[in-house]
Every structure is written in structure tokens, then in C-alpha cells.
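Structure record follows, encoded as C-alpha cells.
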Ligand SMILES: [Zn+2]
């Protein structure tokens, strides 16, 4: 039976029945390619033998948590959910050149020093290059075993013989399997390689870490096409011009998602940042108009970040709305609520919003801090010194309490803040030693902080 051709987006992995110039799912252009398919038909990987019976359990039985190995890098262990789980498959994605190889080489060295037999396979660089990096990072003495190889068959044969505890594959896009009839980096090759490696991880009890480059080029499949195959998906974020890097868990079978680890790029590689709030606020000077400190929560941990807004008369008929580190749609919503509920128009004004330090925020609790930054920039009036802001804004203009209010307040107090501007009704507000100005809606917030508005 002839199989109808299918098409896959190399950026987001969505499948389409026909080719088009733009992917409906993610909106990227020129990313859709024809799918050669996994080696359908022909090869039977399971053979003719019957499978063995699966052991079934009831709903009550308590399972002991999986044993974990700690890398000793706390920021990494936290994102992993408390350490590396044996027989798990991880994906570490990120832009090329952001520091993934550096981070993973450091992790490989730490796991090897912790007694895990570790193999690092680079398909990107020669072993001499990896060795040079290790020397620069002061890791040469770590008992990591290196190889430079892209042939999946050879890699699996080697891993089977060596029986490591951890194998790092850098990167999944350079791997090729001779059972798939397309070029390395194509969707089918990347999927096939990821599938082989993850099933190998489960079967042999080896932890496998796959490195995936985020690509904008339609010829090379991005890490998103294999996200569903692995247990844990981590993304390494940051701007090249900034020294901060954030490792974020977007999926984790063995721990909380949304957990972040914060690192700083230094001459000696990536160093973990144990107090991210202090780092994100370190470049902040005196309180100025448009600058607001948001008390946020990332995963299980409170993190304070500075939001900066600039509002200026626009020379364009369509004023600019530029956002870095936050959601553009959400910004439009806040501007609409300010206009409709508080009578503060932004028409004819260019609006720029930036999250300092290259951080990305997705929490709705940032709404009120964004509104405060916009108003402060528009009115050219700084917020009171020592104030943090958080809270969600609804379309009616009402303020909703944010989750983990107490943690946010504690962190703010720890870093020397004295006042919090927050929605009314949050629990445990009285218990902390920080002055909390509670407000029910955006109008009263505007009145209280910026006078009559
Ligand atoms: Zn897409």
C-alpha cells in the first residue's frame, strides 16, 4: 500500500498533510519538509519473539523515589528535580553558541567525579577540541571518556560494550542512522536517533543526555521534534551579550517543571548563581522612572527581577510595542485594561518593555509589575524606594492574589525591600515583616501609587 506523503515542521514538529510555506502551528516560514518516515515496513526491530508479561500494580502501592546521583552543581541538580535519575533520557536544547557544550562538559566532569561512568560523544567537534575546552575549564583530571563520532550504530555498539552510567550525545542533529534514508539533521534522522538512544537508555539502564540546537533553518530539525520522546526537557536560555544563563525545565517526569537554574558565564566556564535575585538586581541603581522590581516565582523558588519600561511619543502612525522577556499579547492586554478601566491612554505612544538580565517571565503575577513600570515611565515618576510589586490583573481591572505570596514577601525582605504593592486577599500577608500595601483593583493602585492618575 502506498503511503501518502506527510510533512513535518522542523521548528515545532507539527505534521501536515501537504507542504506550505508557513507552518500553521508555530507560524515559522520555510520550515516544513517532507517526511521520509521512520523505517516503516521492512525492518522489524522486535523480532518474532513474544514480549514478556508486564507487572501490574494497584493504585495504593507506594513506590520508592528513584535513586538519584548528584552532580554537585546545585543549580543543575535542582532543575533535574534533585539529581540525575538512572535510565532516563534528557534533552538539553538551546541556541547555538549559548554554552550548552560547556555546561554539559562541566556536568560530565562532576558526574564522573561523583563515580558515574561517563561517556561524552561529540558529533560537533574533534576530541582535541573538547579536550582543549576541558583544559580551559580546569576539568582535565575528571575521568570522562571522550569520543568523536556521528554514526549511531557505532555509538550504540560502544555504549553497549562500555556500559556507562551516563552518555552525553552532543548533538542529536549530527547523529545519523543507516536505517533511515535521509541526511543527518533531517526530521526523520533526528527522530530516529533520539528514539534509538532513548530506548537504549531504558533497556540498558543508562542515562542519556541529548543536546539539541534550536535552529531557524528549515533544513535542520530543532529539538522540539523529539521533546515527546524524552523524560526531561531542559532549555538553556540567555542572551549572548549577557553573562547570565538560565537552565529551565519545561518537562520533567521526575520532578517539577518550570524549575530554573541560574548560571553566570565566566572565564572558567559556567558558575552557578546561588542567589539569583541579588544577581538580577545587581545592576540596578537608584529607583528611576520606568523601573520596577517584580517579586516572581520560578519553579519552587522566589526570584526578584527588574522590569524596565520606556514610554515615548511616537512618530509613527502605528506606535511601537516592543517586549523583551515577556509576552507581547499580555502587554497589549495590560495596555487595554489601563485605558478602558483607568482612563489612561497609550495611543500615540511607543512602549518598550524589558526584563533585565536576559530573564524570561511567563507568570501572570507579573501583570501588576508591568502596569506599574508602564505607568511609572508614562508619568515620569519613580516608585517608592524599596518597593516590590506583584499580582495578576483581570480584564475587569480587578487584582487577583498571586500564588506563594509569602515566599515572594520573604525573598523581598531578605534582599532589603521594605514595601510590597500587592493584591488584597493573599494569605499569610500579616505574618511577614514587610509592609504590604493591599489593593483591590487597578484604579486604586493607580490612585495610591501615582496620585490621582
Ligand atoms: Zn511549526
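Structure values in brief
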| item | result |
| --- | --- |
| Unique residue being away from the ligand (no atom under 16 Å from the Cβ), at pLDDT 90 or above and surrounded by fewer than 19 Cβ atoms within 10 Å (Cβ to Cβ) when the list is 53, 87, 2 | 87 |
| When residues of region 14-34 are limited to those that are in contact (Cβ under 8 Å) with a residue 24 or more places away in the chain and within 7 Å of the ligand (Cβ to nearest atom), the one nearest to residue 182 (Cα to Cα) | 31 |
| All positions within region 383-393 that are assigned to a loop (DSSP other than H, G, I, E, B) and surrounded by 16 or more Cβ atoms within 10 Å (Cβ to Cβ) | 383, 386, 390, 391 |
| Any hit, region 324-332, residues being under 18 Å from the mean Cα position of the chain (by Cα) and touching a residue at least 40 places away in the same chain (Cβ under 8 Å) | yes |
| When residues of region 13-31 are limited to those that are surrounded by 13 or more Cβ atoms within 10 Å (Cβ to Cβ) and on the phi > 0 side of the Ramachandran plot, the one modelled with the lowest pLDDT | 13 |
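The values are calculated or read from the model by the stated rules, or taken from the named source; none is laboratory data. Here the structure is a predicted model, which is why all the values come from computation and not from measurement. Every residue, glycine among them, receives a Cβ derived from its backbone with ideal geometry; neighbour counts consider all protein chains shown.
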